[in-house]
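The values are calculated or read from the model by the stated rules, or taken from the named source; none is laboratory data. Everything numeric here is computed off the predicted structure, so don't read it as measured data. Don't worry about glycine lacking a Cβ; one is built from the backbone with ideal geometry, like all the others, and counts go over all protein chains shown.
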Amino acid sequence: MTRILGIDPGSRSTGYGIIDAASKGPVLVACGCIRTDSDNFPHRLKQIYDGIVGIVNQYRPDELAIEQVFMHKNADSALKLGQARGAALCGALAAGLPVYEYAARQVKQAIVGKGGADKTQVQHMVKVLLGLTVTLQADAGDALGVALCHLHTRETQRRIEAMARNLPGARP
């Protein structure tokens, strides 16, 4: 069984979601948000780093899936988001976790079936896929979406590799 930590980075609230890839389907382990409370941006980055280190130490995930930063309209916001993402990555990399990165459109495609899905559609499908009845915090739900995207992607990759090994003339 593989334990996956999904992260939705943010400078004020970094969502995390942890799932186990069980044979009967994904199982929720934990989810929540690392909320920063400092007006000093470098201190917020430290809070994100420390939060991820604590989560990794407590839950011992095997892999990390994180959402990539995309440039929208505000360059300053994108830079801050990138730094928050870097703090989260460093927290996970300090534990030696392998890192897998996904664009927001990839996550939406994997969870909802269309890359242009809105947040409420993603939240709904995350709840359905995990069999949840509780309302998720938005950032935690997004992080679980990233973890589920990684799970679906890695399972598809394994199937493709197995099929390729079974093709006539394939090398062992």
Of the listed residues (Leu64, Leu79, Leu93), the one being more than 24 Å from Leu136 (Cα to Cα), among the aliphatic types (A, V, I, L, M) and touching a strand residue (DSSP E or B) at 6+ places or on another chain (Cβ under 8 Å) is Leu93
Selection from segment 105-134 of residues over 15 Å from Leu151 (Cα atoms), crowded, with 18+ Cβ neighbours inside 10 Å and either among the small types (Gly, Ala, Ser) or at pLDDT below 90 (or both) yields Ala117
For helices (runs of 4 or more DSSP H) lying entirely in segment 43-151, having 1 or more residues that are within 24 Å of Ser23 (Cα to Cα) and in contact with a helix residue (DSSP H, G or I) (Cβ under 9 Å, 6 or more places away or on another chain) picks out 104-111, 119-130
Of the residues in segment 9-50 that are of a type in the set (D, E, K, R) and modelled with pLDDT under 95, the one that is surrounded by the most Cβ atoms within 10 Å (Cβ to Cβ) is Arg12
Check your understanding: Residues in segment 138-155: is at least one exposed (fewer than 12 other Cβ atoms within 10 Å of the Cβ), more than 20 Å from Thr14 (Cα to Cα) and among the basic types (Lys, Arg)?
Key -> no
Sole miss for Thr14 among (1) part of a strand (DSSP E or B); (2) over 11 Å from Ala84 (Cβ atoms) is condition (2)
ask   = Quick check: is even one residue across segment 63-76 at pLDDT 95 or above, within 21 Å of Thr153 (Cα to Cα) and not aliphatic (A, V, I, L, M)?
value = yes
